[in-house]
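The values are calculated or read from the model by the stated rules, or taken from the named source; none is laboratory data. Nothing here was measured: the structure is a model prediction, and the numbers come from that model. FYI the Cβ positions are ideal-geometry reconstructions off the backbone, even for glycines, and counts take in every protein chain you see. SASA here: full protein model, heavy atoms, side chains in, ligands and nucleic acids out. Shrake-Rupley method; radii C 1.70, N 1.55, O 1.52, S 1.80 Å.
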Amino acid sequence: MPSKGVVDRQRVAEALIAAARTHAHEVGVRLPSHLAAPPGDGGTPSQPLPPELARREITRFQVEMARHLQRRLDALVEAEEAHFVAQHRAAPARERRDEVADALLGKIADLRAAVRVAYGPDGPRDLLRLDGPTPREPLALQRWTDRLLHVLGELPDELPPPRWGGMQLDLSRVAEELRGLADALARALDDVDERCVAIESTQRQKDRALEAFDE
């Protein structure tokens, strides 16, 4: 959605451009006489331009200034649109990141529950070195999962016997699923970072375009 500041500038600029283009010739004809020094003002009158040359140059000046303002306005609108597109593209990337993070959190919660059933309340801490809650912030979760995968990779092939006879935990399969989700989360985080860089870049371009327009 266009910002109010840019819309206000666009409204003023378009009015000025339209006025310059509509009245450039009339102003070119009338302005030279208003710029002439009035008689008896004590000043030294400047050498006036020939009327036709003055009219032509003043008219051309207005038209060129209108074109210049139009270019600055076009650049400002284009910069704001680019910033809007960058923001719009970031939303799906953030949604994907959050979806993968939620799936990873759910898988870790299932692992904790299974280990508690098999080895008791202290099982997650004793077997998997899980002490404390799982972080929910995506980047922290991704790094935390990497450490958990390292622990899983160091477990012996023969796990301690579970409390319930006949119960089995396939932690290698769990580790494979966790690694797949952790890799997906890492890719999603990289995508979000790229989108954020684009947002910052287009914001700087918009700021420069605003400054140039206001000047």
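Which of A101, L76, L130 sits closest to the plus end of the dipole of the chain, meaning its Cα is farthest towards the positive end, when Lys and Arg get +1 and Asp and Glu get -1 on the C-beta?
L76
Which angle between 0 and 90 degrees, to the nearest 10, do you get for helix 4-35 versus the longest principal axis of the chain when only C-alpha atoms count?
The angle comes out near 10 degrees.
Relative to the longest principal axis of the chain, what angle (0 to 90°, nearest 10) does the C-alpha long axis of helix 138-154 take?
Helix 138-154 sits roughly 30 degrees off the main axis of the chain.
So if R0 is 25 Å, what FRET efficiency would D190 and D170 give, r being the distance between their Cβ atoms, rounded to the nearest 0.05?
On the way: r = 30 Å, r/R0 = 1.21.
That gives a FRET efficiency of 0.25.
For L130, which sequence-distant residues (separation of 5 or more, or a different chain) have an amide H within less than 5 Å of its own amide H, given hydrogens modelled in the peptide plane?
Those lying under 5 Å, H to H, from L130 are R125.
Projecting each Cα onto the charge dipole of the chain (Lys/Arg +1, Asp/Glu -1 at the beta carbon, about the Cα centre), which of L210, A188, Q10 comes out farthest on the positive side?
Q10
Taking the Cα centre of segment 91-185 as origin, work out the dipole magnitude from +1 charges on Lys and Arg Cβ and -1 charges on Asp and Glu Cβ, in debye rounded to 20.
That gives segment 91-185 a dipole magnitude of about 240 debye.
With loop defined by DSSP as not H, G, I, E or B, and exposure as at most 14 other Cβ atoms within 10 Å, which is the longest segment of the chain clear of exposed trypsin sites (Lys or Arg not before Pro)?
The longest such stretch corresponds to 1-128.
Under the √(5λ) rule applied to the eigenvalues of the Cα gyration tensor, what semi-axes describe the equivalent ellipsoid of segment 48-103? Give them in Å, descending.
54, 5, 4
Just checking my list (i) -0.55, -1.27; (ii) -0.47, -1.29; (iii) -0.68, -1.10 against log10 I(q)/I(0) by the Debye sum over Cα atoms at q = 0.10, 0.17 Å⁻¹ computed from this structure; which label fits?
Here the calculated entry is (iii).
Probe 1.4 Å, all protein chains in place: accessible area of D126 in Å², nearest 10?
Spelled out: D126, probe radius 1.4 Å, area about 110 Å².
Roughly what angle does helix 51-119 make with the longest principal axis of the chain, taking Cα atoms, 0 to 90 degrees, to the nearest 10?
Between the helix axis and the principal axis of the chain, the angle is about 10 degrees.
Using DSSP to define loop residues, name the chymotrypsin sites (Phe, Trp or Tyr not before Pro) in segment 117-178 whose beta-carbon has at most 14 other beta-carbon atoms within 10 Å.
The qualifying sites are W164.
Apply the Karplus parameterisation 6.51 cos²θ - 1.76 cosθ + 1.60, with θ equal to phi minus 60°, to every residue of segment 198-215 and state each ³J(HN,Hα) to the nearest whole Hz, in sequence, with x for glycine and proline.
Values per residue, Gly and Pro as x: 5, 4, 5, 5, 5, 5, 5, 4, 5, 4, 5, 5, 4, 4, 5, 5, 4, 5 Hz.
Using alpha carbons only, how many angstrom separate the centre of segment 79-105 from the centre of segment 107-165?
30 Å
Calculate, in nm to one decimal, what E177 and R67 gain on full extension: separation in residues at 0.36 nm each, minus their alpha carbon distance.
33.5 nm
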